[in-house]
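Written below as structure tokens is the structure these notes are about.
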Amino acid sequence: MMRQLRKLKPLSLAVMTLVLSGCATFSQDGGLDSVASLTKERTGQTVQREKSADDIAATQATVSELLAKPLTADSAVQLALRNNKGLQASLADLGVAEADLVQSGRLRNPGFSFGRQRSGDDVEIDRSIMFDLAGLLTMPMRTKIEGRRFEQAKLQAASSAVELAADTRKAYFNAVAAAQSVTFAEQVRTAAEAGADMAQRLARVGNFSKLDQAREQVFYAEATTQLARALHNATATREELTRLMGIWGNDIGFKLPDRLPDLPKTANEAGDIEAQAMTRRLDVLMAKRDTEATASALGLTRATAFVNVLDAGYTSKSVSGSPRANGYQIELVLPIFDWGTARSAKAESLYMQAVHRTADTAVRARSQVREAYSAYRTSYDIARHYRDDVVPLRKMISDEVMLRYNGMLASVFELLSDARDQVNSVNGAIEAQRDFWISETELQAVIHGSGAAPSRSSVRNTPSASAPSH
């Protein structure tokens, strides 16, 4: 008996060594450093996770500091990445994934059984303690699988952050452009009101036809409606930006700049944007990692297809009047009814599904990048055309009309009509400039982010109010 115990002792030490060396522990940063690095590479801003009252206080201090001056696109993104509660909820998934990783490096708790039987004066006592030997043998593979899933969780968290940054930038440009449009809509309404009043006075003394008066009146009514829509659009776009930045209360009174940023001197060339997307897009990286994790899971499934329960342990038995008996016990589930073929077939199907999904993601990524660049380049050309051609020509026409009016060669209605046309052209230039910055944001998102399809509203024709013809 002592010889058997001496044989078991080295085995027990070896088992304990494997268990202690295979146990995973929680990291200091919980995976956040990797997420912050991925996000900063793609947005220029980093993320932080709120885990204590001090973190919340620091966030609020940052919010107050950034809102003390007019917002920029970068400061709006910084606010969103720091203060958006939906992103904070996504970052909590890192803790879940890391907990699964740590759990995979730990054995199932041993089972202990105790039995006592009495027959007359004889008492029989059985004791046993069982360890999960199959879990110990598959622990390295399970830990590897959960490690890859943890890496997937990091990529998913970074993807959420990059997507939030892109949404915030677009909301910022929409809000600034909407506020500018309100200013020009007010000018259109003012010109239309002046024309309607003048037409009404002239009609009273018989110097203006009812048809021309009706035209001026209907234009004034339409301009009033457009101003109401512009005011609501300014409110809606501002509220969207407010939601993305996660602010409320007194903080919602933040100040936006009076105008959109100027266009860059030249547009960026396409270059190797498809290759960049293949190496930097987070959804492509996630698809590749998912395929690798599925392949590892397939290996584990094959390894445990026949035997997935194997327990070994120490037993002890005592009987009245007899020496205690010690030994070991092995519990093995025999593959009689289930040979594991269904589990293996399922794992192989899941692997092929992941392979095809990765290929599909790559195809869609390349197509989205090409489409986004087309929208980017087209919106730049349109915005530059407004800036260099349409608006200067409108100004020249306005100057000529003013000269004719001063020389009594043009009526006041021609002057008002030209003013309306000029304001509408400027408003079109604002929308074209806004569309460029949105398309530029979407281009960066499809190269670096999660692959959201570019918006077809990036290049569009927005109808403007036109002056009535006489």
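The values are calculated or read from the model by the stated rules, or taken from the named source; none is laboratory data. Model, not experiment: these values are computed from the prediction. All Cβ positions, glycine included, derive from the backbone under ideal geometry; neighbour counts span all protein chains shown. What goes into the accessible areas is simple: the full protein's heavy atoms, side chains included, and nothing from ligands, DNA or RNA. Shrake-Rupley method; radii C 1.70, N 1.55, O 1.52, S 1.80 Å.
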* Between residues in region 216-227 that are touching a residue at least 40 places away in the same chain (Cβ under 8 Å) and small (Gly, Ala, Ser) and residues that are in a helix (DSSP H, G or I) and open to solvent by less than 50 Å² (accessible area, probe 1.4 Å), which pairs lie under 9 Å by C-beta distance while being six or more apart or on different chains? -> Ala223/Ala185; Ala223/Val188; Ala223/Ala191; Ala223/Ala192; Ala223/Arg420
* To do: Evaluate region 190-213: report whether one residue or more is modelled with pLDDT of 90 or more and crowded, with 19+ Cβ neighbours inside 10 Å.
  => no
* To do: Looking only at region 154-167, decide whether some residue is surrounded by fewer than 23 Cβ atoms within 10 Å (Cβ to Cβ) and at positive phi.
  => no
* Hey, does region 56-68 have a residue that's touching a Ser or Thr at 6+ places or on another chain (Cβ under 7 Å), surrounded by 14 or more Cβ atoms within 10 Å (Cβ to Cβ) and assigned to a loop (DSSP other than H, G, I, E, B)? -> no
* Any residue in region 105-122 that's of a type outside the set (A, V, I, L, M, F, W, C): show its pairings with residues that are modelled with pLDDT of 75 or more and part of a loop (DSSP other than H, G, I, E, B) at Cβ separation under 9 Å, as long as the two are six or more apart or on different chains. => Gly105/Thr25
* **Close pairs from region 249-269: first over 23 Å from Ala68 (Cα atoms), partner open to solvent by 40 Å² or more (accessible area, probe 1.4 Å), Cβ under 6 Å, at least 6 apart** => Ala267/Arg377
* Asked: Given the residues Glu216, Glu222, Glu240, Glu269, which is the only one that is over 20 Å from Ala432 (Cα atoms), open to solvent by 80 Å² or more (accessible area, probe 1.4 Å) and either out of contact with any Phe, Trp or Tyr (no Cβ under 6 Å at 6 or more places or on another chain) or modelled with pLDDT under 90 (or both)?
  -> Glu222
* To do: Looking only at region 243-259, decide whether some residue is part of a helix (DSSP H, G or I), within 30 Å of Ser34 (Cα to Cα) and open to solvent by 20 Å² or more (accessible area, probe 1.4 Å).
  => yes
* **Those residues of region 119-146 which are of a type in the set (Gly, Ala, Ser) and either open to solvent by less than 20 Å² (accessible area, probe 1.4 Å) or at pLDDT 80 or above (or both), in sequence order** => Ser128, Ala134, Gly135
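Residue-by-condition table, conditions (1) at pLDDT 85 or above; (2) open to solvent by less than 80 Å² (accessible area, probe 1.4 Å); (3) more than 30 Å from Arg280 (Cα to Cα):
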| position | (1), (2), (3) |
| --- | --- |
| Met16 | no, no, yes |
| Gly30 | no, yes, no |
| Val35 | yes, yes, no |
| Thr39 | yes, yes, no |
| Leu94 | no, yes, no |
| Arg106 | no, no, yes |
